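Just below is one structure, and these are the notes that go with it.
The values are calculated or read from the model by the stated rules, or taken from the named source; none is laboratory data. A quick note: this is a predicted structure, and the numbers were derived from the prediction, not measured. Cβ atoms come from the backbone with ideal geometry, glycine included; neighbour counts cover every protein chain shown. Areas reflect the complete protein model, heavy atoms only, side chains present, ligands, DNA and RNA absent. Shrake-Rupley method; radii C 1.70, N 1.55, O 1.52, S 1.80 Å.
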Amino acid sequence: MSSQPKLKLLFNREEIGATVSRLADEISQDYRSQHPLLIGVLKGSFVFMADLIRLLDFPLEVEFIRLSSYGRGRESSGKVKVVQGLRSPVKGRDVLIIEDIVDTGLTTVFLLDYLRRKKPASLKLCSLTDKPSRRQIPVTIDYLGFTVPNKFIVGYGIDWDEKFRYLPDIGYVEVED
Ligand code: IMP
């Protein structure tokens with residue numbers, strides 16, 4: 001018989017809402033006068049990004065980048081590439097990356113290096129979640145939502161093989177045989 005994933009709740013929509021507001025306050029304090037460029041990492045950050053920017057009441061621009069490191073499975077291949085690039089220039093901009101999750105750190109470090117080479121005025125990272133137990137390479141997260149356990153996280157934009165992105169809460173997948 002094939003294994004069935006079971007979902008366990010980690011953070012409900014109220015907790016997520018409160019955390020996104022807290023992050024919006026922190027980001028507002030630092031970026032209010034800077035007209036920043038927010039770069040969302042597709043696809044996992046799109047729900048978070050949509051909620052976050054609606055709490056930022058100052059001028060900003062939005063971009064997206066799509067990277068691939070995971071195939072359709074649950075393990076990172078470790079090899080990261082840009083599969084959908086940026087349209088807006090980054091040079092001289094105050095850039096804030098919006099990530100869904102920092103896991104091994106390989107994707108984020110690749111992206112930080114990639115953007116740094118484009119000479120932004122400043123470059124910082126906001127991640128909704130952090131799974132530090134899996135880190136292979138150090139990453140500084142300037143604005144962090146939740147620290148999560150070593151589980152496969154889904155919901156609120158985050159997927160498991162393209163499933164569960166639509167869930168309004170954040171949970172984790174438990175595979176049972
Ligand atoms: P990293 O390169 O290992 O840090 O992985 C970064 C990317 O892997 C994230 O942006 C996600 O797309 C994906 N990822 C890592 N852990 C999870 C998880 O628990 N749930 C869903 N996606 C994950």
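Here are the numbers for this structure:
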item	result
Residues (over 18 Å from the mean Cα position of the chain (by Cα), charged (D, E, K, R) and under 28 Å from K151 (Cβ atoms)) located in the stretch 1-39	K6, K8, E14
Filter result (among the hydrophobic types (A, V, I, L, M, F, W, C), over 16 Å from V62 (Cβ atoms) and surrounded by 17 or more Cβ atoms within 10 Å (Cβ to Cβ)) within the stretch 80-110	V80, I101, V102, L106, F110
Residue check, Y70 open to solvent by 40 Å² or more (accessible area, probe 1.4 Å), of a type in the set (F, W, Y) and either at pLDDT 95 or above or in contact with a strand residue (DSSP E or B) (Cβ under 6 Å, 6 or more places away or on another chain) (or both)	yes
Some residue of the stretch 148-165 being acidic (D, E), under 17 Å from V102 (Cα atoms) and surrounded by 13 or more Cβ atoms within 10 Å (Cβ to Cβ)	yes
Unmet requirement for D159, which otherwise passes all of (1) within 9 Å of the ligand (Cβ to nearest atom); (2) under 23 Å from L37 (Cβ atoms); (3) of a type outside the set (A, V, I, L, M, F, W, C)	(2)
Count of the stretch 75-111 residues which are without any contact (Cβ under 8 Å) to a residue 24 or more places away in the chain and either of a type in the set (D, E) or not in a loop (DSSP other than H, G, I, E, B) (or both)	5
Residue that is farthest from the chain's Cα centre (by Cα), among those in the stretch 142-167 that are of a type in the set (K, R) and assigned to a loop (DSSP other than H, G, I, E, B)	K151
Failed item, numbered, when D177 is tested on (1) under 18 Å from V82 (Cα atoms); (2) modelled with pLDDT under 95	(1)
Number of the exception - K6 against (1) out of contact with any Gly (no Cβ under 8 Å at 6 or more places or on another chain); (2) farther than 17 Å from D130 by Cβ; (3) outside any strand (DSSP E or B)	(3)
Total residues in the stretch 122-147, condition within 13 Å of the ligand (Cβ to nearest atom), open to solvent by less than 30 Å² (accessible area, probe 1.4 Å) and either among the small types (G, A, S) or over 23 Å from I170 (Cα atoms) (or both)	1
